[in-house]
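Worksheet: the structure to be examined is printed underneath.
The values are calculated or read from the model by the stated rules, or taken from the named source; none is laboratory data. Here the structure is a predicted model, which is why all the values come from computation and not from measurement. Backbone-built Cβ (ideal geometry, glycine too); neighbour counts: all protein chains shown.
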Amino acid sequence: MNLSFEKVFKNEDEKLKEIYEIIRASGEHMLKHQGLAHWKTPYPIKSIKKNCEEKNVFLVKDLDTNLYVHTFQLEFKCSMKNNNEEHEAVLNKFATIPQAAGKGIGKKSLIYIEDYCRNNGASIINLDVYDQSKHAIQFYKKRGFVVTSSKPTRNFTVYIMEKQL
């Protein structure tokens, strides 16, 4: 599968709709097939647009079908740990359309993300994952992420996962 990674900007309305549809379809699929309700309410397009202003938002296109199949967001932060400045990337909204799941898109996306983060000075990637998303937790663990903590949210608990680059 040949993939293209495209950064999305706030004025690209058609791409914003594609991101919305990927997140919506992924959320509906997780609810129906895994009982996971954390994306039950679709992420609003106006929030996606705002994220495009503040973060690095990407669409992934399958060049063989010319369809958008995946999306993710990266936010770069700087923090102090043990008197050292640490640059980290936070990964969010990592979603694949159900029809394209299991074809290696997530794995290829993480390879791209790791290279992109290194090239932008990050030494760590952080993400959070719903504690009931067993498949997602195993996916990230297989790719070198470890659970570093957990935190409750209004409706469920999330694991904080991290990978050193």
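Details
- Taking the stretch 77-91 as the range and being without any contact (Cβ under 8 Å) to a residue 12 or more places away in the chain and either in contact with a strand residue (DSSP E or B) (Cβ under 9 Å, 6 or more places away or on another chain) or of a type in the set (D, E, K, R) (or both) as the test, the residues that pass are Cys78, Ser79, Met80, Lys81, Glu85.
- Meets criteria (without any contact (Cβ under 8 Å) to a residue 60 or more places away in the chain, farther than 15 Å from Phe5 by Cβ and exposed (fewer than 13 other Cβ atoms within 10 Å of the Cβ)) for Gly144: no
- Condition check for Thr153: of a type in the set (Ser, Thr, Tyr) and closer than 23 Å to Met80 by Cβ: no
- Here Tyr43 fulfils each of the conditions (1) of a type outside the set (A, V, I, L, M); (2) outside any loop (DSSP other than H, G, I, E, B); (3) in contact with a helix residue (DSSP H, G or I) (Cβ under 6 Å, 6 or more places away or on another chain) apart from (2).
- Within the stretch 1-19, the set of residues being crowded, with 17+ Cβ neighbours inside 10 Å and more than 24 Å from Gly104 (Cβ to Cβ) comprises Glu12, Leu16.
The rows are residues; the columns are (1) closer than 20 Å to Asp131 by Cα; (2) in contact with a strand residue (DSSP E or B) (Cβ under 7 Å, 6 or more places away or on another chain); (3) surrounded by 15 or more Cβ atoms within 10 Å (Cβ to Cβ).
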| residue | (1), (2), (3) |
| --- | --- |
| Cys52 | no, yes, yes |
| Lys55 | no, yes, yes |
| Asp62 | no, yes, yes |
| Glu75 | no, yes, yes |
| Lys93 | yes, yes, yes |
| Pro98 | no, no, yes |
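- Top-ranked residue of the stretch 123-164 - restricted to ones that are assigned to a loop (DSSP other than H, G, I, E, B) and at pLDDT 95 or above, ranked as nearest to Ser109 (Cα to Cα): Arg143
- Only one of Lys50, Lys61, Lys103 that is assigned to a loop (DSSP other than H, G, I, E, B), in contact (Cβ under 8 Å) with a residue 12 or more places away in the chain and among the basic types (Lys, Arg): Lys103
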